[in-house]
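Q: If you scroll down you'll find the structure; I have some questions about it.
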Amino acid sequence: MKLFPDSALLQLEFDKVKNLLQEHCKTELGKTMAAELRLHTHIDFVRTALQQAHEYKQLVLLQQHFPNDYVLNLKKELRLLEIQGAVLTGEQFMLIRKLTESMGSIFRFFDSDRRVTYSALYGVIERTHYEKKIVAMIDEVLDETGQVMDNATPDLAKIRMNLYRKRTELRRVFERILSKLQKQGYLADIEESFLNGRRVVAIFAEQKRMVKGILHGESDTRKTAFLEPEETIQLNNEVFSLEREEEKEVYRILRTLTSDLAKHHDLLSGYHDILGIYDFIRAKSRLALDINGNFPMLVPHAQVHLVEAYHPLLLLYNRKQGKPTIPVNLTLDKDNHILVISGPNAGGKTVTLKTVGLIQLMLQAGLLVPVHPTSQLGIFRQVMIHIGDTQSLEFELSTYSSHLKNMKHFMESANGRTLFFIDELGSGSDPNLGGAFAEVIMEELARKHAFGIVTTHYLNLKVMAGKVKGIVNAAMGFDEENLAPMYRLIVGKPGSSYTFSIAQRIGLDPALINRARKLVDEGHFRLDKLLNKAEQDMQKVESKEKDLLKLLKENEKLKKEYEVLSDKERKQHEYTLQKLQNKIREEEIQYLKDMERKLKQIVIEWKRTDDKNKVIRQAEELLFHKRAKAANEKIQQKIDNKFEEIKGDVKVGDRVKIRTNNQVGKVLELRAKAAVVQVGNIPIQVKLSDLVLVQERQKVE
């Protein structure tokens, strides 16, 4: 997407949304994706990104666990797999095992039903596969702590067995020596220790010449000497040699395992990226839950139809402050593609403008947006924005010069796929001259079919909005009595600036106000006053309309309560009749249970077999027994031979046939949309639409 100016994202506070998204990410890749969030213009890409976030949000709301709990950063390990001759440690192998297991859990999550229900989430792993050999390869060599197992190779098993025997023999010899030295009173408090990888005994320094062996060192106080007894020198040498052999064999095993896993490097890198992508999607769903984000309807053409749209950052701020946030409802389409918002300062014009801009940016970045799901949004190829004071000291441009420079770019670059936002169009210059240029700019942008929102106080722009095709007025609601903005957008009418009303309310000298009025063009003043009165009258009408709707609801409630009371006796009678009609014997209940069990078996068989015709025949045999079918046909034929259908309205006393079961009876009573028909000795309530008039056929002589 093309953006103008370069600071457009900052002006619309998109960076703050990215920061909020990044806080929800756990993996390094997820945080990177949030920080580098891009705006896309391909509708299929946007739809997929929104669908993924929407599906994950549904999982969270339904409290279904998605198995992407592990937070792994294995860039170092995966790089080592690419280097020939590199060797991973046991701990690093266990991290790779955990990565593979995580992917296995995700693949198991997507059973046949979930692949359909969560198709966008499944699409992330659709082009890869789970390789269970990776876990098997690691489990053949390492235990659960990452240590190489004794049976990893026959050589290692042999080395470790010999090492165990030599250490056992060394321990026994040491125990004899320690016992002997203890009796002689030579042992220090430490008794024994390891020095330079050798097992030694600690004896008093003054007794060191009394024991044969190799002196390896003394304590800092020089009161204790560490000596390797002569009897253990050979055993220590053998243990040391076996330990070196063990280290070499373990290193060889890990190098071989590293080489084997390197063959799956690309697959493992893909797994690592997939976990990061799912973390990023999870973050988008969490952000959506924070801001009440939803998946609006995407349309292939340029359009902005917002229903109950909120500025996400304002919503979060007001929620912390315990204040309500007023939603925005507006539509920009091919017929009305430029909205001119007027009204008093601090009334919410700029917030409304920023709300629309930020929501569009979030949507094209694949983020769920705080709107009602019935909202409809299209895809724009460029966004242009002009908000606030753009004076440039570097280029010695005044506020209005910079403003015109931006407007020049707007008019030259705008097209039918452009969404623009201009705050206070024409400000910074003489009102008459600035207003004239503002009209020209608006006409040019309308001619190029660009979509956008403009805020202004200029009266001539309010007037032209009702004349130029594609431009429509809107106003921010204002409570004149309390001098308080209502932050509610009213589309279809221009708004007053309430200049003199605000001056009166704050207690400005009436003489000064009157002097100011005389300086204003009479037509201008009368029109602003008319807009003021029209807006207040509309607010009164809306208030009365709300009161009327409230009364209508109360009236409807009373009406329903009356109907419930008046129909109570009739319903009791109907209940008695229904109970009589639905009386079923125990044998029939058992029959129905058997029927249900057989039907379930048929459903299972339908899913299991490829021969669908066979299952259909079984179902027909179960549901339509040939004998019962023949009997029903015989009864129907008998009725048709005896009675013939005639046209006319059903009245009390008429003979009628019930379409659903072909029974004939007499009408006892007519009700709103039903009738009570006596069939045999039993009265039955039947819908009028299920009845047809009949008469006995005349016998042919």
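The values are calculated or read from the model by the stated rules, or taken from the named source; none is laboratory data. These numbers come from a predicted model, not from an experiment. Quick reminder, even Gly has a Cβ in these numbers, built from the backbone with ideal geometry, and neighbours come from all protein chains shown. Heads up: the accessible areas ignore ligands, DNA and RNA and are worked out on the full protein's heavy atoms, side chains in. Shrake-Rupley method; radii C 1.70, N 1.55, O 1.52, S 1.80 Å.
Q: Given the structure, is Leu242 at pLDDT 75 or above and either within 23 Å of Gln147 (Cα to Cα) or of a type in the set (A, V, I, L, M, F, W, C) (or both)?
A: yes
Q: Against the condition under 27 Å from His42 (Cβ atoms), surrounded by 18 or more Cβ atoms within 10 Å (Cβ to Cβ) and in contact with a helix residue (DSSP H, G or I) (Cβ under 9 Å, 6 or more places away or on another chain), how does Ile359 come out, does it pass?
A: So Ile359 fits the description; yes.
Q: Among the numbered criteria (1) closer than 17 Å to Leu332 by Cα; (2) at pLDDT 80 or above, which one does Val440 miss?
A: Only one criterion is unmet by Val440, namely (1).
Q: Sticking with this one: Taking segment 656-701 only, how many residues are charged (D, E, K, R) and either part of a loop (DSSP other than H, G, I, E, B) or crowded, with 16+ Cβ neighbours inside 10 Å (or both)?
A: Number of matching residues: 7.
Q: Would segment 379-388 turn up any residue that is in a helix (DSSP H, G or I), within 24 Å of Lys284 (Cα to Cα) and touching a residue at least 24 places away in the same chain (Cβ under 8 Å)?
A: no
Q: Just for segment 205-261: of the residues that are touching a residue at least 60 places away in the same chain (Cβ under 8 Å) and over 30 Å from Ala86 (Cβ atoms), which one is surrounded by the most Cβ atoms within 10 Å (Cβ to Cβ)?
A: Among them, the one singled out is Thr232.
Q: Within segment 82-110, can you find the residues that are open to solvent by 10 Å² or more (accessible area, probe 1.4 Å), more than 22 Å from Arg127 (Cα to Cα) and either free of Cβ contacts under 8 Å to residues at least 12 places away in the same chain or out of contact with any Gly (no Cβ under 7 Å at 6 or more places or on another chain) (or both)?
A: Glu82, Ile83, Gln84, Gly85, Ala86, Val87, Thr89, Gln92, Leu95
Q: For the structure I just gave you, tell me whether Lys651 is modelled with pLDDT of 85 or more, among the basic types (Lys, Arg) and more than 30 Å from Gln601 (Cα to Cα).
A: When the stated conditions are applied, Lys651 passes them.
Q: So, one more: Using the structure shown, decide if Asp333 is more than 14 Å from the chain's Cα centre (by Cα) and among the acidic types (Asp, Glu).
A: In short, yes.
Q: Does segment 172-186 contain at least one residue that is modelled with pLDDT under 90 and under 28 Å from Leu88 (Cβ atoms)?
A: Scanning segment 172-186 turns up no residue that is modelled with pLDDT under 90 and under 28 Å from Leu88 (Cβ atoms).
Q: Further, regarding this structure: Of the conditions (1) touching a helix residue (DSSP H, G or I) at 6+ places or on another chain (Cβ under 6 Å); (2) modelled with pLDDT of 95 or more; (3) open to solvent by 60 Å² or more (accessible area, probe 1.4 Å), Lys26 fails just one. Which one is it?
A: Lys26 satisfies every listed condition except (2).
Q: Can you find a residue in segment 297-317 that is without any contact (Cβ under 8 Å) to a residue 12 or more places away in the chain and either surrounded by fewer than 24 Cβ atoms within 10 Å (Cβ to Cβ) or under 30 Å from Tyr118 (Cβ atoms) (or both)?
A: Yes, segment 297-317 contains at least one residue that is without any contact (Cβ under 8 Å) to a residue 12 or more places away in the chain and either surrounded by fewer than 24 Cβ atoms within 10 Å (Cβ to Cβ) or under 30 Å from Tyr118 (Cβ atoms) (or both).
Q: Hey, can you tell me all the residues within segment 151-170 that are open to solvent by less than 100 Å² (accessible area, probe 1.4 Å), in a helix (DSSP H, G or I) and not acidic (Asp, Glu)?
A: Ala152, Leu156, Ala157, Ile159, Arg160, Met161, Asn162, Leu163, Lys166, Thr168, Leu170
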